1. Are any residues in segment 47-66 surrounded by 12 or more Cβ atoms within 10 Å (Cβ to Cβ) and either part of a helix (DSSP H, G or I) or without any contact (Cβ under 8 Å) to a residue 12 or more places away in the chain (or both), and if so, which ones?
2. Are any residues in segment 15-40 assigned to a helix (DSSP H, G or I) and either small (Gly, Ala, Ser) or exposed (fewer than 14 other Cβ atoms within 10 Å of the Cβ) (or both), and if so, which ones?
3. Those residues that are of a type in the set (Lys, Arg) and over 14 Å from the mean Cα position of the chain (by Cα), I need them from segment 1-53; list them, please.
Amino acid sequence: MPSLTTVLIAAGIFLLLVALQALFGAKHPVQRAAGGIVIGVGALAVVNLSGFFTGVSIPVSLFNIGVSAAGGIPGVTLLLLLNLIFQ
C-alpha cells in the first residue's frame, strides 16, 4: 500500500499536468493529462516488454515511472537516451 506522501506527490503532479493542459488551452485538460500518463506508462511497459528482442530495457523504479508518466513518450525517450549514455 502506497504511503500518504507518495499519493500526495502523485496527485500534485497530476494536478500540475492538468493545470498545464488548461493553460495551453486544451478543451478537456483532465482527459489529456490522464491520457498522457497512460501513454507514458504504456510506452515504458512496451520498451521493457520488447527488451527481450532488442536488448534495451529501462529498470522499473518509482523515479522512472514518474518520469514516464509526467513526460509521456518524450520522457521515455529521455530515459532511453540517458540509459544509452550512462551504460
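Every number in this text was worked out from the coordinates using simple rules, so none of it is lab data. All of these numbers come straight from a predicted model, not from anything done at the bench. Here the Cβ is made from the backbone with ideal geometry for all residues, glycine too, and neighbour counts use every protein chain on show.
1. VAL47, ASN48, SER50, GLY51, SER57, ASN64, ILE65, GLY66
2. Of everything in segment 15-40, those that are assigned to a helix (DSSP H, G or I) and either small (Gly, Ala, Ser) or exposed (fewer than 14 other Cβ atoms within 10 Å of the Cβ) (or both) turn out to be LEU15, LEU16, ALA19, ALA22, LEU23, GLN31, ALA33, ALA34, GLY35, GLY36, VAL38, GLY40.
3. LYS27
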